[in-house]
1. When residues of region 110-155 are filtered for being within 24 Å of residue 94 (Cβ to Cβ) and either in contact (Cβ under 8 Å) with a residue 40 or more places away in the chain or of a type outside the set (A, V, I, L, M, F, W, C) (or both), how many remain?
2. Quickly run through region 148-158 and pick out the residues that are within 8 Å of residue 114 (Cα to Cα) and of a type in the set (S, T, N, Q).
3. Can you tell me which residues in region 158-180 are over 15 Å from the mean Cα position of the chain (by Cα) and acidic (Asp, Glu)?
4. Please count how many residues of region 30-45 are in contact with a Phe, Trp or Tyr (Cβ under 7 Å, 6 or more places away or on another chain) and either in contact (Cβ under 8 Å) with a residue 40 or more places away in the chain or within 19 Å of residue 114 (Cα to Cα) (or both).
5. Do you know which residues across region 151-177 are assigned to a strand (DSSP E or B) and among the acidic types (Asp, Glu)?
6. What number of residues within region 96-146 satisfy the criterion of being assigned to a loop (DSSP other than H, G, I, E, B), exposed (fewer than 13 other Cβ atoms within 10 Å of the Cβ) and not β-branched (Val, Ile, Thr)?
7. So is residue 7 at pLDDT below 80 and not acidic (Asp, Glu) or not?
Amino acid sequence: MRKNALFIAIFILIATANLNAQILSEDFENIGSLPDGWTQEYVTSPPHSWEFINGDEFEYSSHGGQYNAFYKSSLMWQDKAKLVTPELDIYGITNPLLKFWYMLPGSAGIDTLKVYYKTSSAGNWTLLDQFNVQIQDWTQIILELPDPTATYYIAFEASAFDMESRVLIDDVEVTGMTGIVKNIMTEDISVFFDCSQDIINITLPDYADIYINNIYGSMLKYYKGTKGVNSIYADLPGDGIYIIKIISGNNIISSYFIPIVR
């Protein structure tokens with residue numbers, strides 16, 4: 001039997017000590033050289049390296065500053081290489097996030113940027129996400145980092161297929177929050193699931209990032225929230241319990257469970 005609406009009481013998870021953790025911040029402003037601690041892994045042979053230039057050598061500029069990471073094809077039909085972060089200690093970090101800006105201004109549907117992670121230097125790479133749609137403007141991506149360890153690595157793998165191929169990334173960050181947390185209730189945020197419209201309405205007091213995860217913590221939807229009511233279409237796999245995380249501008253994390261019953 002369908003219900004007209006379901007109002008969710010919200011219990012917010014807020015750090016008792018607001019200790020924001022900046023684990024990695026890389027803007028590639030290293031005078032055209034590979035940043036300290038970063039490495040490259042070559043997937044194809046002969047090896048073809050990432051470069052560090054302003055934009056893409058043609059019409060685009062860096063997202064910030066004078067340099068960004070840039071990958072293009074050599075004379076080979078296809079080149080692939082991973083740009084790998086230094087070892088990162090994200091063990092014990094609450095909600096570790098990878099944030100970066102990217103562009104794929106080359107041939108539509110040809111170039112690919114894949115993001116991988118591994119939990120130790122000897123571990124295997126696990127695909128986190130991939131992007132292959134032509135993007136001619138700098139676009140920010142925010143990804144949750146699973147399986148946090150004290151020996152964590154992230155890799156950006158570019159696939160370039162011809163001389164027109166261009167893959168760009170800039171301003172890479174890994175952030176999170178440390179400190180003990182507790183549950184409190186707030187009246188500033190409300191959630192209303194309208195099952196007749198299949199829409200989740202989330203009212204926020206200010207701008208915030210909204211993540212909808214499954215019960216296992218995998219991200220299903222991301223929404224850039226604004227002040228007031230945010231209506232999000234609930235095209236989720238099915239009825240059940242989902243986790244909504246809200247991250248404000250100062251990285252205070254809010255998290256709660258929402259039952260979807262249609």
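1. Selection size over region 110-155: 25.
2. none
3. Those that are over 15 Å from the mean Cα position of the chain (by Cα) and acidic (Asp, Glu): 162, 164.
4. Qualifying residue count, region 30-45: 1.
5. 157, 170, 171, 173
6. Counting residues in region 96-146 that are assigned to a loop (DSSP other than H, G, I, E, B), exposed (fewer than 13 other Cβ atoms within 10 Å of the Cβ) and not β-branched (Val, Ile, Thr) gives 6.
7. yes
Yes/no per residue for (1) aromatic (Phe, Trp, Tyr); (2) in contact (Cβ under 8 Å) with a residue 40 or more places away in the chain; (3) surrounded by 15 or more Cβ atoms within 10 Å (Cβ to Cβ); (4) under 14 Å from residue 257 (Cα atoms):
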residue: 189; (1), (2), (3), (4): no, yes, yes, yes
residue: 197; (1), (2), (3), (4): no, no, no, no
residue: 200; (1), (2), (3), (4): no, yes, yes, yes
residue: 209; (1), (2), (3), (4): no, yes, yes, no
residue: 213; (1), (2), (3), (4): no, yes, yes, yes
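The values are calculated or read from the model by the stated rules, or taken from the named source; none is laboratory data. All values derive from a computational prediction rather than experimental measurement. Cβ coordinates were reconstructed from backbone atoms using ideal geometry, including for glycine residues, and neighbour counts include every protein chain displayed.
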